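Student: Just passing along the structure, written as C-alpha coordinates.
The values are calculated or read from the model by the stated rules, or taken from the named source; none is laboratory data. As the structure is a computational prediction, the values presented were derived from the model and not from experiment. So basically every Cβ, Gly included, is an ideal-geometry build from the backbone, and we count neighbours across all protein chains shown. The accessibility values were calculated without ligands, DNA or RNA, using every heavy atom of the protein model including side chains. Shrake-Rupley method; radii C 1.70, N 1.55, O 1.52, S 1.80 Å.
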Amino acid sequence: MALMKVKFDLKKRVKLAQMLWLMYWFSIMAGVLVFSMGLFFKIELRKRSELMDNNESHFVPNILIGVGLLACCLNACGGKICYDSLDSTKFVKWKAILKPFLICCLFFNVLLVVTAAMCFVMRIPLEFTLAEGLKNGMKYYKDTDTPGRCYMKRTLDLMQMEFRCCGNNNYKDWFEIQWVSNRYLDFSSKEVKDRISSNVDGKYLMDGVPFSCCNPSSPRPCIQQQITNNSAHYSYDHYTEELNIWKRGCRDALVSYYGGMMNTIGILVLMVTLLQTAVMIGLQYVNTSLSTLVNPEDPESESEGWILEKTVKETFTDIMAKMKAMGKGNQVDEGANEEGVATVS
(Lines give C-alpha, C1' and ligand atoms only; values in the text may rest on other atoms or scores of the structure.)
Protein backbone atom coordinates (compact mmCIF):
# COMPACT_ATOMS: atom_id res chain seq x y z
CA MET A 1 0.00 0.00 0.00
CA ALA A 2 1.38 3.39 -1.02
CA LEU A 3 2.27 5.94 1.65
CA MET A 4 0.12 9.14 1.68
CA LYS A 5 -1.60 8.46 -1.65
CA VAL A 6 -3.30 11.49 -3.27
CA LYS A 7 -5.50 11.65 -6.37
CA PHE A 8 -4.63 14.29 -8.98
CA ASP A 9 -6.34 15.77 -11.98
CA LEU A 10 -4.77 18.16 -14.48
CA LYS A 11 -5.66 21.25 -12.44
CA LYS A 12 -4.10 19.87 -9.25
CA ARG A 13 -0.95 18.76 -11.07
CA VAL A 14 -0.51 22.18 -12.66
CA LYS A 15 -1.02 23.98 -9.32
CA LEU A 16 1.45 21.65 -7.61
CA ALA A 17 4.08 22.14 -10.31
CA GLN A 18 3.64 25.93 -10.25
CA MET A 19 3.89 26.06 -6.46
CA LEU A 20 6.98 23.85 -6.49
CA TRP A 21 8.59 26.01 -9.19
CA LEU A 22 8.12 29.05 -6.93
CA MET A 23 9.41 27.16 -3.88
CA TYR A 24 12.50 26.10 -5.81
CA TRP A 25 13.29 29.75 -6.49
CA PHE A 26 13.01 30.42 -2.75
CA SER A 27 15.31 27.44 -2.19
CA ILE A 28 17.87 28.92 -4.59
CA MET A 29 17.82 32.18 -2.63
CA ALA A 30 18.15 30.16 0.59
CA GLY A 31 21.21 28.45 -0.91
CA VAL A 32 22.70 31.85 -1.77
CA LEU A 33 22.04 32.93 1.84
CA VAL A 34 23.80 29.85 3.24
CA PHE A 35 26.74 30.48 0.89
CA SER A 36 26.88 34.14 1.99
CA MET A 37 26.76 33.26 5.69
CA GLY A 38 29.54 30.71 5.24
CA LEU A 39 31.65 33.27 3.38
CA PHE A 40 30.96 35.93 6.02
CA PHE A 41 31.91 33.55 8.84
CA LYS A 42 35.11 32.57 7.03
CA ILE A 43 36.05 36.24 6.65
CA GLU A 44 35.35 36.85 10.36
CA LEU A 45 37.64 33.95 11.27
CA ARG A 46 40.32 35.23 8.88
CA LYS A 47 40.32 38.58 10.66
CA ARG A 48 41.59 36.88 13.81
CA SER A 49 43.43 33.94 12.28
CA GLU A 50 46.58 34.98 14.18
CA LEU A 51 44.73 34.18 17.41
CA MET A 52 43.62 30.73 16.25
CA ASP A 53 45.83 27.81 17.20
CA ASN A 54 45.00 25.87 13.99
CA ASN A 55 43.12 26.06 10.70
CA GLU A 56 40.49 23.42 11.59
CA SER A 57 38.06 26.18 12.54
CA HIS A 58 37.65 26.95 8.81
CA PHE A 59 36.19 23.50 8.12
CA VAL A 60 32.60 24.47 8.99
CA PRO A 61 32.52 27.70 6.90
CA ASN A 62 34.03 25.77 3.98
CA ILE A 63 31.24 23.18 4.32
CA LEU A 64 28.64 25.97 4.41
CA ILE A 65 30.05 27.52 1.23
CA GLY A 66 29.99 24.13 -0.52
CA VAL A 67 26.47 23.32 0.71
CA GLY A 68 25.22 26.72 -0.45
CA LEU A 69 26.62 26.22 -3.96
CA LEU A 70 25.25 22.67 -4.14
CA ALA A 71 21.81 23.89 -3.01
CA CYS A 72 21.74 26.46 -5.82
CA CYS A 73 22.63 23.82 -8.45
CA LEU A 74 20.16 21.18 -7.21
CA ASN A 75 17.31 23.66 -6.82
CA ALA A 76 17.91 25.17 -10.25
CA CYS A 77 17.67 21.67 -11.74
CA GLY A 78 14.55 20.92 -9.68
CA GLY A 79 12.93 24.16 -10.80
CA LYS A 80 13.56 23.25 -14.43
CA ILE A 81 11.98 19.81 -13.89
CA CYS A 82 8.88 21.40 -12.33
CA TYR A 83 8.62 23.89 -15.18
CA ASP A 84 8.81 21.11 -17.78
CA SER A 85 6.30 18.99 -15.86
CA LEU A 86 3.59 21.47 -16.91
CA ASP A 87 3.90 19.83 -20.31
CA SER A 88 3.80 16.02 -20.17
CA THR A 89 5.68 15.75 -23.47
CA LYS A 90 8.62 17.76 -22.08
CA PHE A 91 8.54 15.82 -18.82
CA VAL A 92 9.34 12.53 -20.61
CA LYS A 93 13.05 13.43 -20.95
CA TRP A 94 13.36 13.81 -17.15
CA LYS A 95 11.73 10.50 -16.18
CA ALA A 96 14.92 8.45 -16.48
CA ILE A 97 16.99 10.71 -14.18
CA LEU A 98 14.26 11.80 -11.77
CA LYS A 99 14.64 8.87 -9.35
CA PRO A 100 18.45 9.31 -9.03
CA PHE A 101 17.86 13.05 -8.65
CA LEU A 102 15.44 12.47 -5.75
CA ILE A 103 17.96 10.13 -4.11
CA CYS A 104 20.61 12.88 -4.43
CA CYS A 105 18.16 15.31 -2.84
CA LEU A 106 17.63 12.89 0.06
CA PHE A 107 21.38 12.61 0.69
CA PHE A 108 21.68 16.39 0.39
CA ASN A 109 19.05 16.82 3.13
CA VAL A 110 21.07 14.47 5.36
CA LEU A 111 24.15 16.60 4.62
CA LEU A 112 22.20 19.72 5.64
CA VAL A 113 21.24 18.15 8.98
CA VAL A 114 24.86 17.14 9.63
CA THR A 115 26.03 20.66 8.72
CA ALA A 116 23.51 22.21 11.13
CA ALA A 117 24.69 19.87 13.90
CA MET A 118 28.31 20.86 13.21
CA CYS A 119 27.34 24.52 13.52
CA PHE A 120 25.87 23.91 16.98
CA VAL A 121 28.80 21.87 18.32
CA MET A 122 31.57 24.01 16.80
CA ARG A 123 31.61 26.15 19.96
CA ILE A 124 33.53 23.42 21.85
CA PRO A 125 36.60 23.04 19.57
CA LEU A 126 36.57 26.79 18.93
CA GLU A 127 36.96 27.45 22.65
CA PHE A 128 40.04 25.24 22.83
CA THR A 129 41.70 26.72 19.76
CA LEU A 130 41.05 30.28 21.00
CA ALA A 131 42.41 29.49 24.46
CA GLU A 132 45.72 28.31 23.05
CA GLY A 133 45.84 30.95 20.31
CA LEU A 134 45.20 33.86 22.69
CA LYS A 135 47.77 32.51 25.14
CA ASN A 136 50.45 32.42 22.43
CA GLY A 137 49.35 35.76 21.00
CA MET A 138 49.76 37.50 24.35
CA LYS A 139 53.33 36.18 24.60
CA TYR A 140 54.13 37.85 21.27
CA TYR A 141 52.50 41.16 22.19
CA LYS A 142 55.88 42.78 22.90
CA ASP A 143 57.57 41.49 19.71
CA THR A 144 56.79 44.53 17.56
CA ASP A 145 60.20 44.29 15.86
CA THR A 146 60.02 40.57 15.06
CA PRO A 147 58.94 39.64 11.49
CA GLY A 148 55.70 37.70 11.50
CA ARG A 149 54.75 38.99 14.95
CA CYS A 150 54.98 42.73 14.50
CA TYR A 151 51.19 43.11 14.07
CA MET A 152 50.23 41.00 17.08
CA LYS A 153 50.11 44.02 19.41
CA ARG A 154 47.78 45.86 17.04
CA THR A 155 45.58 42.76 16.61
CA LEU A 156 45.23 42.21 20.36
CA ASP A 157 44.62 45.89 21.14
CA LEU A 158 41.89 46.19 18.49
CA MET A 159 40.29 42.95 19.68
CA GLN A 160 40.25 44.04 23.34
CA MET A 161 38.71 47.39 22.44
CA GLU A 162 36.15 45.91 20.04
CA PHE A 163 34.97 43.08 22.30
CA ARG A 164 35.47 44.97 25.58
CA CYS A 165 37.61 42.25 27.08
CA CYS A 166 41.03 41.85 28.65
CA GLY A 167 43.43 38.91 28.63
CA ASN A 168 42.64 35.30 27.91
CA ASN A 169 40.55 34.29 30.93
CA ASN A 170 40.67 37.73 32.61
CA TYR A 171 42.91 40.77 33.06
CA LYS A 172 45.22 38.92 35.51
CA ASP A 173 46.64 36.91 32.58
CA TRP A 174 48.72 39.96 31.67
CA PHE A 175 50.42 39.77 35.10
CA GLU A 176 51.99 36.42 34.15
CA ILE A 177 53.77 37.48 30.95
CA GLN A 178 56.20 40.19 29.91
CA TRP A 179 54.19 42.32 27.50
CA VAL A 180 56.57 45.33 27.49
CA SER A 181 59.48 45.08 25.04
CA ASN A 182 63.04 45.28 26.44
CA ARG A 183 63.76 48.24 24.15
CA TYR A 184 61.36 50.34 26.28
CA LEU A 185 62.84 49.31 29.63
CA ASP A 186 65.50 51.34 31.45
CA PHE A 187 67.86 48.64 32.71
CA SER A 188 69.74 51.20 34.81
CA SER A 189 66.61 51.70 36.92
CA LYS A 190 66.53 49.90 40.24
CA GLU A 191 62.84 49.04 39.87
CA VAL A 192 63.43 47.33 36.52
CA LYS A 193 66.45 45.42 37.89
CA ASP A 194 64.50 44.29 40.95
CA ARG A 195 61.56 43.04 38.88
CA ILE A 196 63.80 41.12 36.47
CA SER A 197 65.95 39.63 39.21
CA SER A 198 62.89 38.56 41.21
CA ASN A 199 61.67 36.42 38.31
CA VAL A 200 63.14 32.95 37.72
CA ASP A 201 63.03 33.37 33.92
CA GLY A 202 64.44 36.89 34.05
CA LYS A 203 61.28 38.51 32.71
CA TYR A 204 59.88 41.92 33.51
CA LEU A 205 56.53 41.13 35.10
CA MET A 206 54.18 43.69 36.62
CA ASP A 207 50.61 44.03 37.80
CA GLY A 208 49.60 46.11 34.80
CA VAL A 209 47.64 45.71 31.57
CA PRO A 210 47.80 47.33 28.08
CA PHE A 211 45.83 50.52 27.47
CA SER A 212 43.30 48.62 25.35
CA CYS A 213 41.94 46.99 28.52
CA CYS A 214 40.71 50.36 29.81
CA ASN A 215 36.98 51.02 30.03
CA PRO A 216 36.38 54.46 28.44
CA SER A 217 33.00 54.84 30.14
CA SER A 218 34.57 54.82 33.62
CA PRO A 219 34.54 58.26 35.29
CA ARG A 220 37.94 57.68 36.86
CA PRO A 221 41.17 57.90 34.81
CA CYS A 222 42.26 54.41 33.82
CA ILE A 223 44.39 52.58 36.35
CA GLN A 224 46.37 50.18 34.20
CA GLN A 225 49.61 50.12 36.20
CA GLN A 226 50.06 48.80 39.75
CA ILE A 227 46.50 47.54 39.76
CA THR A 228 46.96 45.51 42.95
CA ASN A 229 48.87 48.27 44.80
CA ASN A 230 46.29 50.23 46.77
CA SER A 231 48.85 52.73 48.14
CA ALA A 232 49.91 53.76 44.61
CA HIS A 233 46.54 55.42 43.94
CA TYR A 234 44.43 57.84 45.89
CA SER A 235 41.24 56.48 47.46
CA TYR A 236 41.66 53.10 45.83
CA ASP A 237 41.04 49.50 46.89
CA HIS A 238 41.25 46.91 44.11
CA TYR A 239 39.42 44.32 46.25
CA THR A 240 36.24 46.33 46.66
CA GLU A 241 36.35 49.06 44.02
CA GLU A 242 34.84 48.58 40.57
CA LEU A 243 37.93 48.43 38.37
CA ASN A 244 37.95 50.68 35.29
CA ILE A 245 39.37 47.94 33.06
CA TRP A 246 37.44 45.19 31.32
CA LYS A 247 37.01 42.15 33.56
CA ARG A 248 35.70 39.79 30.92
CA GLY A 249 38.23 37.48 29.27
CA CYS A 250 38.63 37.68 25.49
CA ARG A 251 38.23 33.93 25.06
CA ASP A 252 34.75 34.08 26.56
CA ALA A 253 33.89 37.18 24.50
CA LEU A 254 35.05 35.65 21.20
CA VAL A 255 33.40 32.28 21.86
CA SER A 256 30.13 34.06 22.63
CA TYR A 257 30.43 36.12 19.44
CA TYR A 258 31.29 33.22 17.14
CA GLY A 259 28.99 30.82 19.01
CA GLY A 260 26.02 33.14 18.59
CA MET A 261 26.83 33.49 14.91
CA MET A 262 27.05 29.71 14.45
CA ASN A 263 23.78 29.11 16.33
CA THR A 264 22.05 31.55 13.99
CA ILE A 265 23.56 29.85 10.93
CA GLY A 266 22.61 26.42 12.32
CA ILE A 267 18.97 27.48 12.72
CA LEU A 268 19.05 28.90 9.17
CA VAL A 269 20.40 25.59 7.81
CA LEU A 270 17.64 23.66 9.61
CA MET A 271 15.02 25.95 8.05
CA VAL A 272 16.60 25.35 4.63
CA THR A 273 16.44 21.61 5.37
CA LEU A 274 12.69 21.85 6.00
CA LEU A 275 12.25 23.76 2.75
CA GLN A 276 14.35 21.22 0.82
CA THR A 277 12.35 18.36 2.33
CA ALA A 278 9.08 20.02 1.30
CA VAL A 279 10.15 20.51 -2.33
CA MET A 280 11.58 16.99 -2.49
CA ILE A 281 8.24 15.52 -1.34
CA GLY A 282 6.38 17.76 -3.80
CA LEU A 283 8.64 16.66 -6.65
CA GLN A 284 7.98 13.02 -5.74
CA TYR A 285 4.23 13.69 -6.01
CA VAL A 286 4.75 15.31 -9.42
CA ASN A 287 6.83 12.35 -10.57
CA THR A 288 4.40 9.66 -9.41
CA SER A 289 1.28 11.53 -10.53
CA LEU A 290 2.63 11.92 -14.08
CA SER A 291 3.91 8.34 -14.17
CA THR A 292 0.50 6.89 -13.23
CA LEU A 293 -1.72 8.71 -15.70
CA VAL A 294 -4.76 6.60 -16.61
CA ASN A 295 -4.26 7.57 -20.24
CA PRO A 296 -0.67 8.81 -20.87
CA GLU A 297 -1.76 10.34 -24.19
CA ASP A 298 -4.44 12.39 -22.42
CA PRO A 299 -2.84 14.86 -19.95
CA GLU A 300 -6.27 15.68 -18.50
CA SER A 301 -6.81 12.14 -17.23
CA GLU A 302 -6.65 11.43 -13.49
CA SER A 303 -3.67 9.91 -11.71
CA GLU A 304 -2.39 9.01 -8.26
CA GLY A 305 0.67 10.31 -6.46
CA TRP A 306 2.46 9.12 -3.32
CA ILE A 307 5.60 9.63 -1.27
CA LEU A 308 6.53 5.93 -1.12
CA GLU A 309 5.12 3.13 -3.24
CA LYS A 310 4.95 0.96 -0.10
CA THR A 311 4.81 1.65 3.64
CA VAL A 312 7.96 2.70 5.49
CA LYS A 313 8.36 -0.77 7.01
CA GLU A 314 7.93 -2.54 3.67
CA THR A 315 10.29 -0.12 1.94
CA PHE A 316 12.94 -0.65 4.62
CA THR A 317 12.52 -4.43 4.36
CA ASP A 318 12.94 -4.28 0.57
CA ILE A 319 16.10 -2.18 0.89
CA MET A 320 17.62 -4.61 3.40
CA ALA A 321 16.72 -7.57 1.18
CA LYS A 322 18.38 -5.92 -1.82
CA MET A 323 21.51 -5.19 0.23
CA LYS A 324 21.68 -8.81 1.39
CA ALA A 325 21.22 -10.03 -2.17
CA MET A 326 24.07 -7.76 -3.32
CA GLY A 327 26.25 -9.12 -0.52
CA LYS A 328 25.52 -12.74 -1.48
CA GLY A 329 26.18 -11.91 -5.12
CA ASN A 330 29.61 -10.51 -4.23
CA GLN A 331 30.41 -13.66 -2.20
CA VAL A 332 29.42 -15.90 -5.13
CA ASP A 333 31.63 -13.88 -7.50
CA GLU A 334 34.59 -14.12 -5.11
CA GLY A 335 34.06 -17.87 -4.71
CA ALA A 336 33.94 -18.34 -8.50
CA ASN A 337 37.14 -16.35 -8.91
CA GLU A 338 38.90 -18.48 -6.26
CA GLU A 339 37.80 -21.72 -7.98
CA GLY A 340 39.05 -20.39 -11.30
CA VAL A 341 42.45 -19.60 -9.82
CA ALA A 342 42.68 -23.05 -8.20
CA THR A 343 41.85 -24.74 -11.51
CA VAL A 344 44.55 -22.82 -13.37
CA SER A 345 47.15 -23.69 -10.74
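Student: How high is the FRET efficiency from residue 146 to residue 109, r the C-beta distance, R0 35 Å, rounded to 0.05?
Tutor: With a Förster radius of 35 Å, E is 0.10.
Student: For residue 59 and residue 194 in one chain, what is 0.36 nm times their gap in residues minus the Cα-Cα distance, to one decimal in nm?
Tutor: Working it through step by step, the gained length comes to 43.8 nm.
Student: Quick one, can you get me the convex hull of the C-alpha atoms of the range 54-94 expressed as volume per residue in Å³?
Tutor: It comes to 45 Å³ per residue, whole-number rounded.
Student: Starting from the Cα-Cα distance between residue 77 and residue 218, subtract it from 0.36 nm times their residue separation and give me the gain in nm to one decimal.
Tutor: 44.9 nm
Student: Rolling a 1.4 Å sphere over the protein heavy atoms, what is the accessible area per residue of the range 31-171, to the nearest Å²?
Tutor: With the other protein chains kept in place, the range 31-171 gives 52 Å² per residue.
Student: How high is the FRET efficiency from residue 162 to residue 233, r the C-beta distance, R0 35 Å, rounded to 0.05?
Tutor: Once rounded, the FRET efficiency stands at 0.80.
Student: Leaving out ligands, DNA and RNA, what percent of the accessible area of the range 196-238 is carbon and sulfur, probe 1.4 Å?
Tutor: That fraction is 52 percent.
Student: Simple spin-label model, 7 Å along Cα-to-Cβ: residue 186 to residue 25 in nm?
Tutor: Placing both labels 7 Å along Cα→Cβ, they lie 7.4 nm apart.
Student: Quick check for you: with a 1.4 Å probe and neighbouring chains kept, what is the accessible area per residue of the range 173-282, in Å²?
Tutor: 55 Å²
Student: Starting from the amide H of residue 245, placed 1.01 Å from N in the peptide plane, find each other amide H under 5 Å away whose residue is 5 or more places distant or on another chain.
Tutor: Sorted by chain and number, the residues that satisfy this are 215.
Student: Let me ask something additional. Taking H as built 1.01 Å from N, whose amide H comes closer than 5 Å to the amide H of residue 8, not counting residues under 5 places away?
Tutor: Amide H neighbours of residue 8: 303, 304, 305.
Student: On a full-extension model of 0.36 nm per residue, what is the gain between residue 176 and residue 277, subtracting their alpha-carbon distance, rounded to one decimal in nm?
Tutor: Taking 0.36 nm per residue and subtracting the Cα distance, the gain is 31.0 nm.
Student: Go through 42/99; 7/99; 12/95; 42/142 and tell me which ones have a Cα-Cα distance over 26 Å in this structure.
Tutor: 42/99; 42/142
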